[in-house]
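Engineer: Here it is: the structure, laid out below.
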Amino acid sequence: MNRFKLLACLTCAGLLMLLVGCKTSKSSASDDDDQEAGRDRPAAIVGGKAGAVIGRQMQVQKEALEAAFPADATVETVNRGEVLKLTFSAASLFEANANTLTEMSRISLRLLALHLNSNPGVRVKIVGYMDNTGRSAFNRILSTRRAKSVCDLLTENGVDAARTTYEGKGIHHPVASNRTAKGRALNRRIEIFILPGEEMIRDAHFRKK
């Protein structure tokens, strides 16, 4: 099913809702120091047989997301397969030096909202990052605003705000060198974590028996 057919399904399903505020997720400086560069730790690992159940469910979602976003994002599993991480370049989502979403990025994020609405057992964390160009304080603010713009678009398209959090990391956790234009472009990004919710974890513990 191509993107436009999926968008038609989204419209027919009546998933568009009024804007609902997203929740911020703040981290302290010590939290940043405890994390590897370019690596976030979005959730504790469930582990064991329950973790294996969640891992199988996340693999199914990963394959669906890879089919939906063949060029727009990288999709990978983290936390021993229990969490999905989607990475979008800032250039693919936003106007230059702004937190305004482009029209094409809105299409991609509506598809993501459709996926999330079809999988109500997961929750979402959106994290914004910048390169080290300019003032650190400004980069932190812009990365937060960009993460919020993504979060707001998802809630506008039916994702329950209670399932979402967002935060901006600014220049912290680069994934490439800031000495080159290519590296700086890689560091300007949005990472979207799809995590097991409480109900999904409870169900996994039940299924393992």
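Engineer: Would you mind working out the accessible area per residue for the stretch 91-209, using a 1.4 Å probe, and quoting it in Å²? Present the calculation step by step, with values, prior to reporting the outcome.
Structural biologist: Values: 5510 Å² over 119 residues.
Here the per-residue accessible area is 46 Å².
Engineer: Can you list residues whose amide H is under 5 Å from HIS173's amide H, if they're 5+ apart or on another chain and H is modeled 1.01 Å from N?
Structural biologist: Hits under the 5 Å cutoff: GLY38.
Engineer: Taking only C-alpha pairs under 8 Å that are 6+ residues apart, what is the relative contact order of the stretch 112-178 in percent? Display every interim value, and only then the final one.
Structural biologist: Working: 100 pairs, mean separation 30.8, N = 67.
Relative contact order for the stretch 112-178 comes out at 46 percent.
Engineer: Could you work out what % of the accessible surface of the stretch 97-206 is carbon and sulfur, using a 1.4 angstrom probe and leaving DNA, RNA and ligands out of the count? Spell out each step's value before the answer.
Structural biologist: Values: 2520 of 4770 Å².
Here it works out to 53 percent.
Engineer: In addition: ³J(HN,Hα) across the stretch 186-201 via Karplus (A = 6.51, B = -1.76, C = 1.60, θ = phi - 60°), whole Hz, x for Gly/Pro?
Structural biologist: Going residue by residue, I get 5, 6, 7, 7, 10, 10, 10, 9, 9, 10, x, x, 4, 5, 5, 5 Hz, with x marking Gly and Pro.
The values are calculated or read from the model by the stated rules, or taken from the named source; none is laboratory data. Only a predicted model underlies this, so the values are computations on that prediction, with no experimental measurement involved. To get the accessible areas, we keep the full protein, side chains included, count just its heavy atoms, and leave off ligands, DNA and RNA. Shrake-Rupley method; radii C 1.70, N 1.55, O 1.52, S 1.80 Å.
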